[in-house]
Amino acid sequence: MELKPISHFYNKRIYVIPDYQRGYSWKTKQIYDLLNDLKHANQLESDHYTGTITIHKQDQDELIGMTKYSMYHLVDGQQRFTTITLILNYLLKKLGSQPDYAEEVKEKTANYIINKGTYLFRYEIDQVSQNYFHSVILEHQSLSSPDENLYTFNLKNAKRDIAEYFKQPHAKDKELEYLMAIENRLMFNEYIVNTTGDIGVVFETMNNRGIGLSDLEIVKNRLLFLATKIKIEAEEHRTKQVVDNINQKWAIILRNLTLPHQTLDENSFLNNHWTIYYGWTKDNQAKDQILNKIFTIEQMVKDPLKMQKDIETYANSLAVTSLHWRFINYPAEKQAFKEVDNNNLRNKIKKAFEKLNRLNNSTVRPLLLSFIGLMSKKPNDLLEIAQLAEVFSFRLFSMNRKRSDTGKADIYRNCSDWHNDYTNDEMIAHAKFYLAWYIDNHGDWDRFEYEINELFDSSKKQGYYSWVGLSYFLYEYEEYLRKNQDSKLSYDFASKKTKSVEHIIPQAYQEFWENEMEAIKDDEKEVKRCLHSLGNLLLITTDKNSSLRNSSYENKQKQYYYGSFSEIEIADNNNEWNPTSVANREVELLKFIKKNWKTEDWFQDKYPNPYYQSQEEDITDEIDDDLTEE
């Protein structure tokens, strides 16, 4: 296959990143690798092979002046192509400031970037990326929207990285050399696919040859591949409809999985969706089942009409569920749970899901996904399920340090049935019973006390300061004190324990706290029990310097009045601080745990098994060594 220079690709062509592709994601390393390839190509005076650019010609053309330009979708190679465009734009702007090159730069800008007001490289993915790319990155129009997302963040960083690269001694003032390298040294293969369906065929083959794609991408390509192979008499027109539907649904999926500052893990979404869509078994592997059991050539040959319907149903389900997955993972978003009409109830649901995100327990994710449709039909039940899931997650894994797979097998194997009939009152009651059973049987207070004693007895641990649930608990207590007032700190800061959690009596207490510690200072165990007591640990708003952290209570108290609600509570209620104060506060905080997470309740009294008479062995309480966390 003949290798082609960049000039071949910018010859009366317009390139568009289609909306079923993800946005720009290259980081500094990939950008610098490409720039260094240009440097080495110049040094060696040799061509550099830059890979294959796969494109799909569109039916429409576009007139620029009196010249017809062909429109192409960039199917593969968009990261490289986008980066080359960014580099070209930087080089041309730098060279354009030099009078000797001004006219030629205008000509090249019209060849590569923008010609008579028409952009030659565009984003169809979303208007946010499109507007940002043309205004902030290429600087050829005024910014018309303040909106940003993860992809605009990556583009902004790429623009900065390129500018920083050319400040380095080996590249400084060598813009012309790098421009020449792009135009004369970079060589590409070109592959043009004839139809959208052929894209799936191409990537199906590429994947088998080891080119890395996410599982979600691999599944999409399998669906496209099968859709183009289905031959049903008098139904030929349906093939294009099915292919277009797949691409439309994937555009929705990728948008929903892209949060402002991160992309949700595609494989995790695929696995959780498959659990509720198809079902779960102990050896469950979503990708394997999808590619080797359900969406296969053999199944398609056996019943092509059924395969066609199955593909559409599955793609549609993925698209709908991707929005639900977004709500679960990003409940703070303004539009999250918008199907809940009552604003007060909606805010409670969002708050419950924010707590679940802070706990980050994967066991309850497919359960929540199974019932999230209740937001439009029975939102009170959705709220109750989310609140039970929070108690389940905190008591089992934060308080009692249970294995991460505790309850997973039982919950996962029921999710498909729950999802398929999620508005059924018995199904809702069944899910609540499962959470209640595990709370009662694995979230007991005695186990919590045992775990805390272990943290004090171990020479490698520091009592409550080593407790995995400390940051979450202190933040929940802070929220309890805050009530309806404005928040003074974020959970992101609160979760950074070394910065956000202060020992009121400092670990280095000898300089300012000798009198307060006099009665116990000779008892090493008592000192440890006091210093790392829950009562001595305080959530603070700023990372105070070490001198303040180790200072006297008199100095600390003055600062606490301007701190978190937890700090203010200490300052208001205590004019002195000593081991007795620590012990008294721990008692009160433990009472808060008992009340807030209802440790003295028997949850199955309120949430009994609705199928008790018909299912004698409803819960297996199985823990399997092969069961791993997503």
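The values are calculated or read from the model by the stated rules, or taken from the named source; none is laboratory data. Remember, predicted model here, so these are calculated numbers, not experimental data. Note that each Cβ is placed from the backbone with ideal geometry, even for glycine, and that neighbours are counted across all protein chains shown. Just so you know, the surface numbers come from the protein's heavy atoms only, side chains and all, with ligands and any DNA or RNA stripped out. Shrake-Rupley method; radii C 1.70, N 1.55, O 1.52, S 1.80 Å.
One table, with the values for the structure above:
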{"read-out": "Leading residue by the ranking (surrounded by the most Cβ atoms within 10 Å (Cβ to Cβ)) among those in segment 1-31 that are within 18 Å of T52 (Cα to Cα) and without any contact (Cβ under 8 Å) to a residue 24 or more places away in the chain", "value": "N11"}
{"read-out": "Sole exception among (1) in a loop (DSSP other than H, G, I, E, B); (2) in contact with a Phe, Trp or Tyr (Cβ under 6 Å, 6 or more places away or on another chain); (3) not acidic (D, E) for T54, by number", "value": "(1)"}
{"read-out": "Residue check for A41: of a type outside the set (S, T, N, Q), more than 30 Å from N149 (Cα to Cα) and in contact with a Gly (Cβ under 8 Å, 6 or more places away or on another chain)", "value": "no"}
{"read-out": "Among (1) of a type outside the set (G, A, S); (2) free of Cβ contacts under 8 Å to residues at least 12 places away in the same chain; (3) open to solvent by 40 Å² or more (accessible area, probe 1.4 Å); (4) in contact with an Asp or Glu (Cβ under 7 Å, 6 or more places away or on another chain) - the single one M427 does not satisfy", "value": "(3)"}
{"read-out": "Number of the exception - D417 against (1) within 30 Å of K525 (Cα to Cα); (2) of a type in the set (D, E); (3) touching a Gly at 6+ places or on another chain (Cβ under 9 Å)", "value": "(1)"}
{"read-out": "Residue match in segment 295-302 (condition: open to solvent by 50 Å² or more (accessible area, probe 1.4 Å), of a type in the set (D, E, K, R) and under 17 Å from the mean Cα position of the chain (by Cα))", "value": "no"}
{"read-out": "Which listed residue is closer than 30 Å to D457 by Cβ and of a type in the set (S, T, Y), from S552, S533", "value": "S533"}
{"read-out": "Residue check for R401: open to solvent by 20 Å² or more (accessible area, probe 1.4 Å), under 30 Å from G463 (Cβ atoms), outside any helix (DSSP H, G or I) and in contact with a helix residue (DSSP H, G or I) (Cβ under 7 Å, 6 or more places away or on another chain)", "value": "yes"}
{"read-out": "Residue in segment 241-289 that is most open to solvent (accessible area, probe 1.4 Å), counting only those that are part of a helix (DSSP H, G or I) and hydroxyl-bearing (S, T, Y)", "value": "Y277"}
{"read-out": "Single condition E576 does not satisfy, out of (1) out of contact with any Phe, Trp or Tyr (no Cβ under 7 Å at 6 or more places or on another chain); (2) open to solvent by 60 Å² or more (accessible area, probe 1.4 Å)", "value": "(1)"}
{"read-out": "Boolean, L179 is at pLDDT 90 or above and within 23 Å of the chain's Cα centre (by Cα)", "value": "no"}
{"read-out": "Enumeration of residues in segment 547-593 that are within 30 Å of V391 (Cα to Cα) and outside any helix (DSSP H, G or I)", "value": "G563, S564"}
{"read-out": "Unmet requirement for M517, which otherwise passes all of (1) under 21 Å from N400 (Cα atoms); (2) open to solvent by less than 10 Å² (accessible area, probe 1.4 Å)", "value": "(1)"}
{"read-out": "Residue in segment 463-484 that is open to solvent by less than 50 Å² (accessible area, probe 1.4 Å), closer than 23 Å to E554 by Cα and without any contact (Cβ under 8 Å) to a residue 60 or more places away in the chain present", "value": "no"}
